[in-house]
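Take a look at the structure below.
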Amino acid sequence: MQLMIPPGRDRPVDHERDHVLGPTDAEITLVEYGSYACPHCRAANGRIAQARDQLGDRVCYAFRHRPLTDNSLSFRAAELAELAQTPEAFWSAHIKLVTRSMQLTEDDLVAVADDLGVNANFALGDSDAVRRARARVEADVASSRASGVRVTPTFYINRGRYDGPWDESSLVDAMLGTLGHRVRTAALDFASWGPSAGILLVLATVAAMVLTNSPMGPSFEALWRQELGVSLGDAAFQMSILHWVNDGLLTVFFLVVGLEVKREMTVGHLASRRSAALPIAAALGGMVVPALLYALVIPVGPWSHGWGVPMATDTAFAIALIAAMGARVPVELRIFLTAAAIVDDIGAIVVVAVFYSGDIHLAYLAAAAAVVVALALLSRSRVYLLSPYMLLGIALWTFVYAGAAWYWRCSFPRARPPTWLP
């Protein structure tokens, strides 16, 4: 098992080639890929200075250029700094370029050019010094690409990329390799590893099975039956922890998976009717065949009414197993199985609503339909703020849940249904 660790630097620090502050034999090496036009790099400059003051000769700091793309001022500032004839002159120009003003301006370049004794229009020249400066910047840019740098600033500590916060304490903890930093790094590496979600799901399932069948089983089940909710005066909404997981967290899960399937059906591998027909047909077959087998095996009686149970596919487990297999699963197969599982779940929900329904609250469902219309109007109006969609999404979930509260009374007879007091 190998975690997906961020790539390291493509080349070690060269004290003859790189711009370096600190001794050659320092135990800690900090490399920054930054841009003079990047506001985050300018803000990080002070934190780096504080960390260097705290660690002293234990750290060697190197700066490499990564000018912002499509920003001519950023490239010119990098080339201007490279026109410095001595390391002292470079660091003087470097500090001035990141601290002289809140945002890099043409006046900053003119001021630094005056300090270095070069023409402010140096970029238009074709002298050997300008060519060397440009080549030096291009070499740093190539190094950043080879190192996998996508944003600025990007830091590397002892050849390993550091993606954590770069405030003084966090940066120093990372350079010293404290226990807290190692734990956070291990957790982030595990979370970025593709099969991590599937492994956690399998482990949680095994743990739940062990606890349920142990002497702690009754206490474990009672914990899931504990109710949580909110109340305002005489109105209250309460559900058990089990309901919050099944009807709350899984709603977010299906939203994310559904958005991925929608993307594939609009601009991805399932965009054409021919490519989308196969997973839809597979999902329909996965519902009809189990239901028919159930009806053929189970004799007529009270149990025969449960033919809808084997129709549903556990999408969470299906997707978790796909993720756990990682790159071994072709992209096309991953998309096919995901789409089939989603269509299967949609069909199962329709079957439950049509054949297993009880008392449906039409007023709540009408309110849910109105929220859907509001969401469509927001989308057509090109509203890109997240907050109105979140608020309407919560309202939609609430109305749909209230309109189908009968289902949970049938599925969980031992759990008290939500309390709705107008």
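Could you look through the stretch 23-69, keep only residues that are touching an Asp or Glu at 6+ places or on another chain (Cβ under 8 Å) and either among the polar types (S, T, N, Q) or open to solvent by 40 Å² or more (accessible area, probe 1.4 Å) (or both), and pick out the one that is nearest to residue 143 (Cα to Cα)?
Ranking the qualifying residues of the stretch 23-69, first place goes to 66.
Looking at the stretch 188-210 only, could you name the residues that are in a loop (DSSP other than H, G, I, E, B) and among the hydrophobic types (A, V, I, L, M, F, W, C)?
193
Does residue 395 satisfy being under 19 Å from residue 249 (Cβ atoms) and either over 33 Å from the mean Cα position of the chain (by Cα) or crowded, with 18+ Cβ neighbours inside 10 Å (or both)?
Criteria not met by residue 395.
Filter the stretch 334-353 for residues that are in contact with a Leu (Cβ under 9 Å, 6 or more places away or on another chain) and either open to solvent by less than 20 Å² (accessible area, probe 1.4 Å) or touching a residue at least 60 places away in the same chain (Cβ under 8 Å) (or both) and give the result.
335, 339, 340, 343, 344, 347
Which one is farthest from residue 403 (Cα to Cα) among residues in the stretch 242-265 that are surrounded by 13 or more Cβ atoms within 10 Å (Cβ to Cβ) and either more than 32 Å from the chain's Cα centre (by Cα) or aliphatic (A, V, I, L, M) (or both)?
Selected residue: 265.
Pairs, please: C-beta under 8 Å, at least 6 apart or cross-chain, first residue free of Cβ contacts under 8 Å to residues at least 40 places away in the same chain and among the polar types (S, T, N, Q) and in the stretch 88-104, second open to solvent by less than 70 Å² (accessible area, probe 1.4 Å) and assigned to a loop (DSSP other than H, G, I, E, B)?
Close Cβ pairs (under 8 Å, with a partner that is open to solvent by less than 70 Å² (accessible area, probe 1.4 Å) and assigned to a loop (DSSP other than H, G, I, E, B)) amount to 92/84.
Residue check: is residue 298 open to solvent by 90 Å² or more (accessible area, probe 1.4 Å) and of a type outside the set (S, T, N, Q)?
Answer is no for this residue.
I'm trying to understand the selection: among the residues of the stretch 371-388, which are open to solvent by less than 60 Å² (accessible area, probe 1.4 Å), among the hydrophobic types (A, V, I, L, M, F, W, C) and in a helix (DSSP H, G or I)?
371, 374, 375, 376, 378
Could you tell me whether residue 77 is in contact with a helix residue (DSSP H, G or I) (Cβ under 7 Å, 6 or more places away or on another chain) and either over 24 Å from residue 119 (Cβ atoms) or not in a strand (DSSP E or B) (or both)?
Taking the combined requirement at face value, the residue satisfies it.
Looking at the stretch 354-364 only, could you name the residues that are open to solvent by less than 70 Å² (accessible area, probe 1.4 Å) and within 30 Å of residue 319 (Cα to Cα)?
Within the stretch 354-364, 356, 357 qualify.
Across the stretch 208-241, what is the number of residues that are surrounded by 11 or more Cβ atoms within 10 Å (Cβ to Cβ) and closer than 25 Å to residue 323 by Cα?
Number satisfying all stated conditions: 2.
Determine whether residue 304 is in a helix (DSSP H, G or I), free of Cβ contacts under 8 Å to residues at least 12 places away in the same chain, surrounded by 14 or more Cβ atoms within 10 Å (Cβ to Cβ) and not β-branched (Val, Ile, Thr).
no
Scan the stretch 356-366 for residues that are aromatic (Phe, Trp, Tyr) and either under 31 Å from the mean Cα position of the chain (by Cα) or at pLDDT below 80 (or both) and jot them down.
Selection gives 356 alone.
Could you check, for the stretch 85-97, whether at least one of its residues is surrounded by 13 or more Cβ atoms within 10 Å (Cβ to Cβ), among the hydroxyl-bearing types (Ser, Thr, Tyr) and within 33 Å of the chain's Cα centre (by Cα)?
No: the stretch 85-97 contains no residue that is surrounded by 13 or more Cβ atoms within 10 Å (Cβ to Cβ), among the hydroxyl-bearing types (Ser, Thr, Tyr) and within 33 Å of the chain's Cα centre (by Cα).
One residue is enough: does the stretch 217-238 have a residue meeting the conditions outside any helix (DSSP H, G or I) and within 30 Å of residue 160 (Cβ to Cβ)? First the steps, then the outcome.
Let us first name the residues in the stretch 217-238 that are outside any helix (DSSP H, G or I), namely 226-238.
Still in the list and also within 30 Å of residue 160 (Cβ to Cβ): none.
The answer is no; no qualifying residue exists.
Hey, any hits in the stretch 2-13 for a residue that's closer than 30 Å to residue 323 by Cβ and either aromatic (Phe, Trp, Tyr) or free of Cβ contacts under 8 Å to residues at least 60 places away in the same chain (or both)?
Yes, some residue in the stretch 2-13 is closer than 30 Å to residue 323 by Cβ and either aromatic (Phe, Trp, Tyr) or free of Cβ contacts under 8 Å to residues at least 60 places away in the same chain (or both).
Tell me the residue from 348, 353, 369, 276 that is modelled with pLDDT of 85 or more, farther than 30 Å from residue 191 by Cβ and not polar (S, T, N, Q), please. Reasoning before the result, please.
Details: 348 fails: modelled with pLDDT of 85 or more; 353 fails: modelled with pLDDT of 85 or more; 276 fails: modelled with pLDDT of 85 or more.
The match here is 369.
Quick check on this structure: which one of 250, 292 is in contact with a helix residue (DSSP H, G or I) (Cβ under 8 Å, 6 or more places away or on another chain) and hydrophobic (A, V, I, L, M, F, W, C)? Steps first, answer last, please.
On the way: 292 fails: in contact with a helix residue (DSSP H, G or I) (Cβ under 8 Å, 6 or more places away or on another chain).
Criteria check complete, one pass: 250.
The values are calculated or read from the model by the stated rules, or taken from the named source; none is laboratory data. What you are looking at is a predicted structure, and each value in this text was computed from that prediction instead of being measured. Neighbour counts are summed over all protein chains in view; Cβ atoms, including those assigned to glycine, are modelled from backbone coordinates with ideal geometry. All accessible areas refer to the heavy atoms of the entire protein, side chains included, with ligands and DNA or RNA removed. Shrake-Rupley method; radii C 1.70, N 1.55, O 1.52, S 1.80 Å.
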